[in-house]
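The values are calculated or read from the model by the stated rules, or taken from the named source; none is laboratory data. Quick caveat: nothing in here was measured; it's all calculated off a predicted structure. With ideal geometry, Cβ positions are generated from the backbone for all residues, glycine too; neighbour counts draw on all protein chains shown.
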C-alpha cells in the first residue's frame with residue numbers, strides 16, 4: 001500500500017527555497033515578461049531536469065548569470081551540450097527533447113523561464129507541486145514515487161522523453177513519450193494509486 005510523505009505548507013511562499021537554501025524559485029505576476037526565475041547550484045540538484053518535452057508550449061530561457069548546458073535529442077550529429085552564457089537566450093520548440101543543467105562547478109546558474117502560450121496558474125501549480133514534493137521527499141529521506149512524478153507531469157502535458165532509435169522521426173518519440181505518460185501518470189498514478197496532480201499544501205490559486 002502506498003504512503004505519502006508529510007507535505008510542507010508552502011503554497012503562500014514566494015520565493016521558495018529548497019535543498020537547504022541552495023536552490024531558489026521566484027514567481028512573477030502575469031504582467032511580467034517571465035513566469036519565474038530559478039537559482040540552480042553547481043553539482044547535483046533536483047532542479048536539473050531529465051530529458052523531457054512539452055506537448056503544446058515553446059520555452060524561452062534567459063540566462064541572467066552563470067552558464068547553462070542544454071542537451072537536445074541525443075544523436076551522432078548532436079552528441080554534446082549547447083552552452084548558453086550569461087545574457088543570452090535559448091528557444092526550445094514544442095515537442096523537442098531537451099534538458100539543462102548548470103555548466104559551472106563553482107557558480108550558481110540564474111535562469112529566467114517563459115513558456116508560450118503562458119498559462120500562469122497551470123505552470124505555477126506544476127512547479128510548486130513538483131519541487132515541493134521533491135523537497136519533502138528529500139527532508140523525509142525517501143525516494144520520490146515515480147508514479148506521483150508522472151502524475152504531476154501528466155497534469156502539465158510534459159512527458160519524459162522516451163529514447164527511440166536515431167533514425168526515427170521526432171514525432172514517433174513524441175507519441176511514444178505521450179502514451180507512456182498517460183499510462184504511468186493517469187492510468188496507474190491517479191486511477192490505480194490515487195495520486196493527485198496538485199495538493200493544497202503546495203499550491204493555492206492566487207487571488208490578486
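Taking the criterion of being under 16 Å from the mean Cα position of the chain (by Cα), in contact (Cβ under 8 Å) with a residue 60 or more places away in the chain and surrounded by fewer than 17 Cβ atoms within 10 Å (Cβ to Cβ), would at least one residue in segment 120-129 satisfy it?
There is at least one residue in segment 120-129 that is under 16 Å from the mean Cα position of the chain (by Cα), in contact (Cβ under 8 Å) with a residue 60 or more places away in the chain and surrounded by fewer than 17 Cβ atoms within 10 Å (Cβ to Cβ).
Surrounded by 14 or more Cβ atoms within 10 Å (Cβ to Cβ), out of contact with any strand residue (DSSP E or B) (no Cβ under 8 Å at 6 or more places or on another chain) and on the phi > 0 side of the Ramachandran plot, is that true of residue 157?
yes
Would you call residue 26 assigned to a strand (DSSP E or B), modelled with pLDDT of 95 or more, surrounded by fewer than 18 Cβ atoms within 10 Å (Cβ to Cβ) and within 15 Å of the chain's Cα centre (by Cα)?
So residue 26 passes the test.
Suppose the filter is in a strand (DSSP E or B), on the phi < 0 side of the Ramachandran plot and surrounded by fewer than 17 Cβ atoms within 10 Å (Cβ to Cβ); does residue 115 pass it?
no
Please go through segment 29-73 and pick out each residue that is out of contact with any strand residue (DSSP E or B) (no Cβ under 9 Å at 6 or more places or on another chain) and either touching a residue at least 12 places away in the same chain (Cβ under 8 Å) or surrounded by 19 or more Cβ atoms within 10 Å (Cβ to Cβ) (or both).
Those that are out of contact with any strand residue (DSSP E or B) (no Cβ under 9 Å at 6 or more places or on another chain) and either touching a residue at least 12 places away in the same chain (Cβ under 8 Å) or surrounded by 19 or more Cβ atoms within 10 Å (Cβ to Cβ) (or both): 29, 30, 55, 56.
Mind checking whether some residue in segment 163-172 is modelled with pLDDT under 95, buried (at least 16 other Cβ atoms within 10 Å of the Cβ) and either more than 14 Å from residue 5 (Cβ to Cβ) or out of contact with any strand residue (DSSP E or B) (no Cβ under 7 Å at 6 or more places or on another chain) (or both)?
yes
Give the residue that is farthest from residue 196 (Cα to Cα), with candidates limited to residues of segment 133-148 that are in a helix (DSSP H, G or I) and without any contact (Cβ under 8 Å) to a residue 60 or more places away in the chain.
Only one residue tops the list, namely 146.
Right, residue 172: without any contact (Cβ under 8 Å) to a residue 12 or more places away in the chain and part of a helix (DSSP H, G or I) or not?
yes
Go through segment 175-191 and report how many residues are in contact (Cβ under 8 Å) with a residue 40 or more places away in the chain and in contact with a helix residue (DSSP H, G or I) (Cβ under 9 Å, 6 or more places away or on another chain).
2
Is it true that residue 202 is farther than 18 Å from residue 49 by Cα and either out of contact with any strand residue (DSSP E or B) (no Cβ under 9 Å at 6 or more places or on another chain) or surrounded by 17 or more Cβ atoms within 10 Å (Cβ to Cβ) (or both)?
Here the answer is yes, as residue 202 does meet what is asked.
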